[in-house]
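Pasting a structure below so you can have a look.
The values are calculated or read from the model by the stated rules, or taken from the named source; none is laboratory data. Worth saying up front: this structure is predicted, and the values here are computed from it rather than measured. Glycine gets a Cβ as well: all are built from the backbone with ideal geometry, and neighbour counts include every protein chain shown. Side chains are part of the model used for accessible areas, which takes the heavy atoms of the whole protein and leaves out ligands, DNA and RNA. Shrake-Rupley method; radii C 1.70, N 1.55, O 1.52, S 1.80 Å.
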Amino acid sequence: TIQEEFPIETIKKSAELGFGGLFVSPDYGGLSLPRHDGSVIFEALSQGCVTTASYITIHNMVNAMIDTFGTEDQRAKYCSELSTMEKLASYCLTEPGSGSDAAALVTKATTDGSKYIVNGSKAFISGAGVTDLLVVMLRTGGKGPKGVSALIIDTATPGISYGQKEKKIGWNNQPTCVVNFDDVEVPCENLLGAEGQGFNLAMHGLNGGRINIASCSLGAAQQCLEDVLHYTNDRKAFNQPLNANQHVQFKLAEMATELTTARLIVRQAAKSLDSKEPNAVALCAMCKLYATERLFKVCDDALQLHGGYGYLKSYPVQQFWRDSRVHRILEGTSEVMHMLVARDLLKHL
């Protein structure tokens with residue numbers, strides 16, 4: 001039986017290499033790496049396990065958001081513990097009734113003296129039930145993005161509960177479930193940034209997150225290509241190796257070309273975000289759109305070339321296929337990425 005266990009000890013051990021605070025200031029235990037280097041790291045990690053690497057990207061997104069927008073007290077209190085992975089973090093934006101339309105979120109925080117009272121629910125939260133810290137986007141004002149703020153919430157706070165663990169196609173070694181807030185009291189000092197700034201903070205975090213998830217797709221596709229190269233060399237059909245067939249050779253060439261092209265656009269987007277180029281947001285969207293769509297196809301082609309063996313759980317190609325499918329949905333669907341790219345093009349008219 002394949003176990004679906006969140007590898008906490010393995011994840012925390014990665015902090016010894018600095019993987020808990022890749023983009024965080026060294027003052028708080030981080031490495032302050034450029035996004036380009038982070039992309040290389042997440043691609044390499046994903047060749048081993050896409051799901052574990054993807055969770056580490058989420059943890060780093062939260063840590064970087066606190067380091068970038070937090071007060072000195074918040075950075076000292078939270079970033080150091082997140083960088084050592086003494087504490088693990090989850091990012092809470094999506095709700096049962098708002099996914100792509102994130103600005104329609106309804107989880108609410110009302111002020112009561114020196115604290116906020118939080119009520120509502122968040123859905124599809126990676127690591128929920130296991131992680132120690134949440135960055136939660138919620139409504140403190142009126143409708144729309146300008147009414148959204150962000151709070152840092154300790155999961156030990158009374159009033160937090162969790163739905164059942166979702167049964168997913170992939171990403172199975174990390175728990176995903178609904179997080180419920182029932183009159184959860186959060187000190188006002190846990191406000192991240194200013195009131196009404198939460199939506200912008202969330203989108204800022206997702207720009208880097210999209211590069212990271214695209215990088216995880218790179219790792220999945222790279223490993224699938226390596227596996228299928230060996231398989232088609234070793235597997236015999238019609239008295240010759242599979243890779244002696246020109247159709248197979250052409251398919252392998254297409255897969256390698258897609259992988260190399262995707263890697264170039266992901267690294268370009270990473271560099272644009274590091275240098276704060278005006279088109280960085282569009283490039284982040286482009287890289288996620290292109291890499292997650294095209295590289296899932298690479299994984300699918302690798303499975304096809306494995307024949308019936310590719311459909312067996314004893315062969316790793318199927319896990320890369322299952323784990324990378326969700327990359328076309330989370331942290332901005334492919335459809336939303338199309339919208340962001342088109343919006344950037346049309347604003348120049």
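Please enumerate, by chain and number, the lysines with C-alpha under 25 Å from the C-alpha of LYS236, excluding those fewer than 8 residues away in the same chain.
Qualifying lysines at Cα under 25 Å: LYS251, LYS297, LYS313.
I want the antiparallel fraction of DSSP beta bridges within the chain, as a percent rounded to 5.
Details: 29 of 34 bridges.
Close to 85 percent.
Points 7 angstrom from Cα along the Cβ direction at ASN200 and LEU17: gap in nanometres?
3.6 nm
What's the extension gain from LYS108 to GLU189 if we count 0.36 nm per residue and subtract their Cα-Cα distance?
Residue separation times 0.36 nm, minus the Cα-Cα distance, leaves 27.5 nm.
Okay, moving on. Between the DSSP loop rule and a limit of at most 12 other Cβ atoms within 10 Å, which trypsin sites (Lys or Arg not before Pro) in the range 263-349 are left? Kindly include the intermediate steps, with their values, before the conclusion.
Details: sites: ARG263, ARG267, LYS271, LYS276, LYS288, ARG294, LYS297, LYS313, ARG322, ARG325, ARG328, ARG343, LYS347; in loops: LYS276, LYS313, LYS347.
Qualifying residues, ordered by number: LYS276, LYS313, LYS347.
Mind giving me the FRET efficiency for LEU349 and THR260? R0 is 25 Å, r the Cβ-Cβ distance, nearest 0.05 is fine. Please list the in-between numbers first.
Working: r = 33 Å, r/R0 = 1.31.
Efficiency, from the Cβ-Cβ distance: 0.15.
Counting pairs of alpha carbon atoms under 8 Å apart in space and at least six apart in sequence, what relative contact order in percent does the range 233-339 give?
Here the relative contact order equals 22 percent.
If each residue of separation counts as 0.36 nm, what is the full-extension length gain between ASN180 and GLU5 once their alpha-carbon separation is subtracted?
Here the answer is 60.7 nm.
What do you get for the angle between helix 198-234 and the principal long axis of the chain? Use alpha-carbon atoms, 0 to 90 degrees, nearest ten.
The helix 198-234 is inclined about 20 degrees to the chain.
Name all residues of the range 99-143 having a backbone nitrogen under 16 Å from the label point set 7 Å from the Cα of ASP73 along its Cα→Cβ direction, giving them as ranges.
What the label zone holds, given the 16 Å backbone N cut-off, is 113-116.
State whether the range 6-109 is rounded, prolate or oblate according to the following rule on the C-alpha gyration tensor (a ≥ b ≥ c being the square roots of its eigenvalues): a/c under 1.5 gives rounded; otherwise a/b larger than b/c gives prolate, and the remaining case gives oblate.
Oblate, since a/c reaches 1.5 and b/c is not below a/b.
Still on this model: How many angstrom separate the Cα center of the range 242-281 from the Cα center of the range 55-90?
If we compute the Cα centre of each part, the gap is 31 Å.
Treating only the Cβ atoms of Lys and Arg (+1) and Asp and Glu (-1) as charged, compute the dipole magnitude of the chain about its Cα centre; round to the nearest 20 debye.
With Lys and Arg at +1 and Asp and Glu at -1, about 940 debye.
Give LYS143/LYS276; LYS12/LYS87; LYS77/LYS143; LYS122/LYS165 a once-over and call out the pairs whose C-alpha atoms are over 20 Å from each other. Write out the running numbers ahead of the final one.
Values: LYS143/LYS276 30 Å; LYS12/LYS87 9 Å; LYS77/LYS143 32 Å; LYS122/LYS165 13 Å.
In this structure, LYS143/LYS276; LYS77/LYS143 exceed 20 Å between Cα atoms.
Separate question: Mind checking which of GLY113, ASN245, ALA128 is farthest towards the positive end of the chain's charge dipole, using Cβ charges of +1 (Lys, Arg) and -1 (Asp, Glu) about the Cα centre?
Of the listed residues, the answer is ASN245.
Separate question: If you average the C-alpha positions of the range 102-118 and of the range 186-207 separately, how far apart do those two centres end up, in angstrom?
Going from one Cα centre to the other spans 12 Å.
Can you give the accessible area of PHE23, probe radius 1.4 Å, in Å² rounded to 10?
30 Å²
Ignoring everything but the protein chains, give the 1.4 Å probe accessible area of MET61 in square angstrom, nearest 10.
10 Å²
If I take every Cα pair under 8 Å that is 6 or more residues apart in the chain, average their sequence separation and divide by the length, what percent do I get for the relative contact order?
It rounds to 17 percent for the chain.
Not counting ligands, DNA or RNA, and with a 1.4 Å probe, what is GLU258's accessible surface area in Å² rounded to the nearest 10?
Approximately 50 Å² of GLU258 is accessible to the 1.4 Å probe.
Quick one: pull the percentage of alpha-carbon pairs in the chain with a separation above 29 Å.
Here the tail beyond 29 Å accounts for 40 percent of pairs.
Here's something else I'd like to know. Along the principal axes of its C-alpha atoms, what lengths does the range 240-284 span, in descending order and rounded to whole Å?
52, 13, 8
Sticking with this one: Select from CYS216, CYS49, CYS79 the residue whose mean-square fluctuation is largest in a Gaussian network model of the chain (Cα-Cα springs shorter than 10 Å).
Maximum among the listed residues: CYS49.
Thinking of the range 160-205 as a set of Cα atoms, what percent of all their pairs are more than 11 Å apart? Could you put the intermediate results ahead of the total?
Working: 785 of 1035 pairs.
Result: 76 percent of Cα pairs exceed 11 Å.
Please say if the range 111-170 is rounded, prolate or oblate, where rounded means a/c under 1.5 for a ≥ b ≥ c the square roots of the C-alpha gyration tensor eigenvalues, and otherwise the choice is prolate for a/b larger than b/c and oblate otherwise?
oblate
What angle, in degrees between 0 and 90 and rounded to the nearest 10, separates the Cα long axis of helix 246-274 from the longest principal axis of the Cα atoms of the chain?
30 degrees
How many nm separate the modelled label positions at GLN249 and ALA342, each set 7 Å beyond the Cα in the direction of the Cβ?
My value for the distance between the label points is 4.2 nm.
Using a/c under 1.5 as the rounded threshold, could you call the range 50-135 rounded, prolate or oblate? The axes a ≥ b ≥ c are square roots of the C-alpha gyration tensor eigenvalues, and prolate needs a/b larger than b/c, oblate otherwise.
Numbers: a/c = 1.98, a/b = 1.14, b/c = 1.74.
In terms of gyration-tensor shape, oblate.
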